[in-house]
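Shown next, in structure tokens, is the structure this report addresses.
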Amino acid sequence: MKCECKAHLRIKLLKCHDVFPYEWQVTKFVIEHNHELLTQSEVRFLPTHRIISAEDSERILLLKEGGLSVRQITRVLELEKNVKHGYLPFLEKDIHNHFIKVRNKDAENEAMALLKHCEDAKKDDAKFKYSYTMDNEGKLQHIFWSPSPCFDWYTKYGDVVVFDTTYKVNAYEMPFGVFVGINNHGKTIVFGCALLRNETTAAFSWLMKIFVSLMKKPPKTILTDQDPWMTEAISKEMPFTKHSFCIWHITSKFSGWFNALLREKYSKWCSNFFELYKLDTIEEFEHKWPKVIAKYNLESNKHVDLAIEDIQRKEEHDTMLVKYRGSSLKPISPLQEQAHGVLTEISRRV
């Protein structure tokens, strides 16, 4: 904060005569201040006086690695330096900021290491796929990669893809996206992975466009959560791909949608919904669904339409798993026959 104080010290590099060397000399010194001066104990709180030395930084990071909190780290350093509480040359806030600074530096280093890994992998294997973008500051923004075995799997079993961003790289708060599917043995396989700076339409659009470009074809069906930005991106970049929602992401929202509305009837509603969900035929479901909705007075609830739509979509996904595993325990329903078209010809022959 400026206070128009005139106190200052001016020095210049001068020499008295040609035979003397240049020397720093005080040319002006104004000692009068127009404000009250800080005491010695108060000066240490100024940002310019709060410094974490290289030695202190090493010790702080070691204690953090040992699981100590910032408050505990502060107390340990006070005891080690034999100073009174609160008299370290830095504050707890400075330690927090130091962690952020180190974390950002590590993120940049690890991002460069990831890019280097992808570059080296591409040199060793031409089928290795990857693409990335950098921001205006030259930092990694988004990246997608798919090793050659993953690309081969996608070529064979990529008709139905599940894309999930539930996970985050906790150290950097970056969404980690993974494209997965099912092989002919019913095992989960990975088609590709991505790290995104954020979860926006622009980020998802970039990823879906790159996925289709590098993997040479879009999936016939993709299952995701109900992220509206992801939905918009998929409709734009995969216009002929059927987009379905994962049933887990639907039912995980039931508590927020219906608990306060139904109160003591909520548990019974969930049980009735599950019974409907397990029905084998469309005719059975369409016959019983309106009765259940009327029973709980949910005819005008906007979330009900979304739930019924997802039942049909999830049935197709379950059918895929059953057929891939060669199961004959469950009768083939009309919905399963319809879902038969999304399975790859290769996986049926293998």
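Brief remarks on what is shown
- Extension gain (nm, one decimal) between E232 and L9, 0.36 nm per residue minus Cα-Cα: 74.1 nm
- Hull volume per residue, based on the alpha-carbon atoms of region 81-144 and their convex hull, is 114 Å³.
- Rolling a 1.4 Å probe across the protein heavy atoms gives region 8-100 an accessible surface of 80 Å² per residue.
- Accessible surface of region 8-100 [probe 1.4 Å, protein heavy atoms]: carbon and sulfur percent: 58 percent
- Taken one residue at a time, the phi angles of region 278-289 give Karplus couplings (6.51, -1.76, 1.60, θ = phi - 60°) of 8, 5, 9, 10, 5, 4, 4, 5, 5, 6, 8, 4 Hz. Gly and Pro are set to x.
- Rounded D (µm²/s) - region 45-97, Kirkwood Rh over Cα pairs, Stokes-Einstein at 10 °C, 1.306 mPa s: 142 µm²/s
- Accessible area per residue was computed with a 1.4 Å probe on protein heavy atoms; E58 scores about 130 Å².
- Counting only protein heavy atoms and using a 1.4 Å probe, the accessible area of K216 comes to about 140 Å².
- The listed residues W269, W257, once ranked by accessible area (1.4 Å probe) with the largest placed first, stand as W257, W269.
- Per residue, the convex hull spanned by the Cα atoms of region 8-100 amounts to 170 cubic angstrom.
- Accessible surface comparison of S131, S244, probe 1.4 Å, protein chains only, largest first: the order is S131, S244.
- Partner lysines whose Cα lies under 29 Å from the Cα of K28, excluding those fewer than 8 positions away in the same chain, are identified as K2, K6, K12, K15.
- Accessible area of S267 (1.4 Å probe, protein heavy atoms only, ligands and nucleic acids ignored): about 80 Å².
The values are calculated or read from the model by the stated rules, or taken from the named source; none is laboratory data. This structure is a prediction, so every number in the text was calculated from the model and none was measured. All accessible areas refer to the heavy atoms of the entire protein, side chains included, with ligands and DNA or RNA removed. Shrake-Rupley method; radii C 1.70, N 1.55, O 1.52, S 1.80 Å.
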